[in-house]
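Taking it in order: structure first as structure tokens, then the write-up.
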Amino acid sequence: MKNSKSAVMESYRDSQKIEVLIQKGESKKFQTKNTISEKVRVQMETILQDRLADSIDLQTQAKQAHWNVKGPGFIALHELFDKIAEESEEYPDLIAERIVQFGGVAEGTVQVVVNRSNLPEYPLVLTTGHEHVEALSHSLAVYGELIRTTIKQATELDDPATADIFTQISRSVDKNLWFLEAHNQAEK
């Protein structure tokens, strides 16, 4: 029987080995009876890992706006940014579960997100509602385009279930983009 310290060290070494494999693009795969071909599952998993990172990044950007908005309209924007962050919490979960359904390992740590996200970096110096609306709406628009591209890719790979997941996400993103943009459209 191992003592708890040696068990922790062994677990840590196993984690390090897995992390090296992931960095080399050799993440662990699990057997599945899913009838989608392995080739399609592997291709979709690569795409899904990128969208997982983008989704986590989007969620944190909405929280950044929520925490730091100032000025007129504060409460309305504070609540809107929080609502967008809450809705965005669903996206990573849907995507990560799809990765695991394909026999993959969902790679959703902060370290992975930093290296993999395709979203523009959110400026940390913003304070006004207008600035946060502009920054978050830009990220939402980029994210929405990535989601629509993923719908096309999943459709081309004959994976309608994944396409459906991203269609669901797309509707939510487009609605939230509309809500955000409405705040600055009246100012022009």
Inset, instruction - Kindly identify segment 45-107 as rounded, prolate or oblate by the Cα gyration tensor criterion: order the square roots of the eigenvalues as a ≥ b ≥ c, call it rounded if a/c is under 1.5, otherwise compare a/b with b/c, prolate if a/b is larger, else oblate. - result: prolate
Inset, instruction - Find the Cα radius of gyration of segment 37-185, compare it with 2.2 N^0.38 Å by division, and give the number to two decimals. - result: 1.07
Inset, instruction - Report the relative contact order of segment 37-185, percent, no decimals, based on alpha-carbon pairs under 8 angstrom and at least 6 residues apart. - result: 29 percent
Legend entry - Extreme residue, positive dipole direction of segment 129-186, given options 135, 178, 163 (C-beta unit charges): 178
Legend entry - Lys, Arg +1 and Asp, Glu -1 on Cβ, resulting dipole of segment 37-185 about Cα centre, debye, nearest 20: 140 debye
Inset, instruction - Please turn the phi angles of segment 120-133 into ³J(HN,Hα) values with the Karplus equation 6.51 cos²θ - 1.76 cosθ + 1.60 (θ = phi - 60°), one per residue in order, whole Hz, x for glycine and proline. - result: x, 5, 7, x, 7, 9, 6, 9, 6, x, 4, 5, 5, 4
Inset, instruction - Could you compute the FRET efficiency for residue 141 and residue 76, with r as their C-beta to C-beta distance and R0 at 30 Å, rounded to 0.05? - result: 0.90
Legend entry - Cα→Cβ-extended label distance, 7 Å offset, between residue 127 and residue 87, nm: 2.9 nm
Legend entry - Of 70/152; 39/83; 29/152; 33/152; 39/63, pairs whose Cα-Cα distance is over 32 Å: 70/152; 39/83; 39/63
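All of the numbers you see were taken from the coordinates with simple rules; none came from a lab. The structure displayed is predicted, hence computed values, not measured ones. With ideal geometry, Cβ positions are generated from the backbone for all residues, glycine too; neighbour counts draw on all protein chains shown.
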